[in-house]
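The values are calculated or read from the model by the stated rules, or taken from the named source; none is laboratory data. Because the structure is predicted, anything quoted here is derived from the model rather than measured. So basically every Cβ, Gly included, is an ideal-geometry build from the backbone, and we count neighbours across all protein chains shown. Calculation scope for accessible area: heavy atoms of the full protein, side chains included, ligands and nucleic acids excluded. Shrake-Rupley method; radii C 1.70, N 1.55, O 1.52, S 1.80 Å.
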Amino acid sequence: MKRIEGRGANGMTMQTTKEEALRSTLELFEYHAWANDRLFRHLETLPEATWTEPAASGYPTIRATLAHMYAMDRTWLHAIAQDLAFEEVAARIPQWDAEAKAAGPREMEALFRAAAEDFRGMLRGIEDLAAAREYAHPYLGVLRAAPRELVTHVVNHGTYHRGNATAMLRQLGHPGPSTDYIYYLYSLHRA
């Protein structure tokens, strides 16, 4: 197996094979999908009004928080794939957000699952997830990063907003689900 050396956005040298990059990136993404699924499983146990009840957080409701997550997962899917121009992706964000905001819990869960399947397919279609690419943004400039680094951002973004949703649940008098990465690892029954 040929080892590939690349430089991450932090300037550190990373060595990996294409297969290792794919495996580790998909595993990290699977955590993201697992944690989202776990949150939806938990929401199913609560009164449906919890979904739209106002709470103090970055977004006014749990539904609005998850709608933002969905829209950003779709946004980053296309940004990483580089299959649409920035302007096209930006124009679709309000559509994705509105689609999710109009959904009930089960419909939104289906949107998340479809986005996750699309994400997996996109990742499998990239020849080398460790090879740096250029990502142009009209306001921020050009970022040189490997696709797997951007997947790390997607997962981190999801973790942040699942934390928002959990804080909102607590404000509303409900417990939140445990979605930490360590729970995901234990769920895989690794020995």
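When only residues in the stretch 83-113 that are more than 19 Å from the chain's Cα centre (by Cα) and within 25 Å of Arg41 (Cα to Cα) count, which is least open to solvent (accessible area, probe 1.4 Å)? Ranking the candidates gives Gly104 first. On the given criteria, is Leu22 open to solvent by less than 50 Å² (accessible area, probe 1.4 Å) and either modelled with pLDDT of 95 or more or not acidic (Asp, Glu) (or both)? In short, no.
Look through the stretch 170-185, keep the residues that are assigned to a helix (DSSP H, G or I) and under 17 Å from Arg38 (Cα atoms), and return whichever of them is least open to solvent (accessible area, probe 1.4 Å).
Tyr184
Under the condition of being in contact (Cβ under 8 Å) with a residue 40 or more places away in the chain, more than 12 Å from the chain's Cα centre (by Cα) and either within 21 Å of Ala90 (Cβ to Cβ) or open to solvent by 30 Å² or more (accessible area, probe 1.4 Å) (or both), the residues counted in the stretch 139-169 number 7.
Selection within the stretch 127-138: residues that are without any contact (Cβ under 8 Å) to a residue 60 or more places away in the chain and either open to solvent by less than 40 Å² (accessible area, probe 1.4 Å) or of a type in the set (A, V, I, L, M) (or both). The member of this set that is farthest from Asn36 (Cα to Cα) is Ala136.
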